[in-house]
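Below is one structure; the comments refer to it alone.
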Amino acid sequence: MGRKKSFDQHIVVAQMSTVFVQRGFEGTSLDDLVTATGLLRGSLYSEFGSKQGMFMACLKANLKKQPLDDVTWFLLLVAMLELTSNSQAVNEIVSQWYAKQNSPNIATQLGQQLLKYSHILSGDNDNGKRS
Amino acid sequence: MENVVNIQNEQLVIEPIGLTKIAALKERIAIPLTHVVGASIDTGIINESKGFRMPGTAIPGYWAGTFRKNDEMTFFNIKHTSLPVVIQLKDEKYTRLVLGVDKPRELVTLINNHVLS
């Protein structure tokens, strides 16, 4: 485990995003985030305040920088499955994202991303249908 | 349960109870909500080195009192059997609090819904 006192927040957010996507919100422990970032637990708390603060930083950064990337979709799915029902702050982020979606197919897109996230499909490019 | 934690009058109020009240050497801690940054469940924090104990107790499996590590002061009041709630503070004597409470997940949600935006 590293003991860096200064760090590049963009890199740390990308490292944490990968963990949240792989393990979900509840399934991610602070130990997982400490291991993935190489930072001290205290540094993570000082920078982001809480595990939810860490997740929100990941969600906001990905929505801003790469709104169509799989990581962003998967973080949205994790947020909707685990957080929006009881976290007002995460609910607000996801609600604002949803309100901005112009596509009439947003529910279909979410469904397709859920199928991709679930790893139940034989391939990545079969549009949700088994061949 | 080692602590009763409530939000009253825009303050987070922590009351160590029972024997832990004696061991933790604290009657009550009141923190303005504006100084509370967030709350988390963090099982691993009690397995980490806690640093130097200032006043406090050394009963195995039970941490109570003030610990200093990396220029940070942390107030612990928790048994190893409890699910730790970590509350991050700013502009306070303590950088963070590590507490055992009756309903940890509910407390984390309550605090975060008051302080996160």
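Couple of notes before you dig in:
- Dipole moment magnitude, nearest 20 debye, chain B about Cα centre, only Lys, Arg, Asp, Glu C-beta charged: 280 debye
- Contact order normalised by residue count of chain A, Cα under 8 Å, 6+ apart, percent: 21 percent
- Positive minus negative residues near B:P104 (Lys, Arg vs Asp, Glu; Cβ under 13 Å): -1
- Gyration tensor (alpha-carbon) shape descriptor, segment B:3-115, a/c threshold 1.5: rounded
- Using the Karplus relation 6.51 cos²θ - 1.76 cosθ + 1.60 with θ = phi - 60°, the per-residue 3J(HN,Hα) values for segment A:88-98 come to 5, 5, 5, 4, 5, 4, 6, 4, 5, 4, 5 Hz, with x marking Gly and Pro.
- Per-residue HN-Hα couplings for segment A:53-69 [Karplus 6.51, -1.76, 1.60; θ = phi - 60°; Hz; x = Gly/Pro]: x, 5, 5, 5, 4, 5, 4, 4, 5, 5, 4, 6, 8, 9, x, 9, 6
- Ranking A:N86, B:I29, A:F74 by how far each Cα lies toward the positive end of the dipole of the protein assembly as shown (charges on Cβ) leaves B:I29 at the top.
- Only the Cβ atoms of Lys and Arg (+1) and of Asp and Glu (-1) were treated as charged; on that basis the dipole of segment A:9-100 about its Cα centre amounts to roughly 220 debye.
- The order of the peptides B:38-48, A:18-28 by mean Cβ neighbours within 10 Å, most packed first, is B:38-48, A:18-28.
A short reminder: the numbers here are calculations on the coordinates, not readings from a lab. Given the structure is predicted, the values throughout are model-derived calculations rather than measurements. Virtual Cβ from ideal backbone geometry, glycine too; neighbours counted across all protein chains shown.
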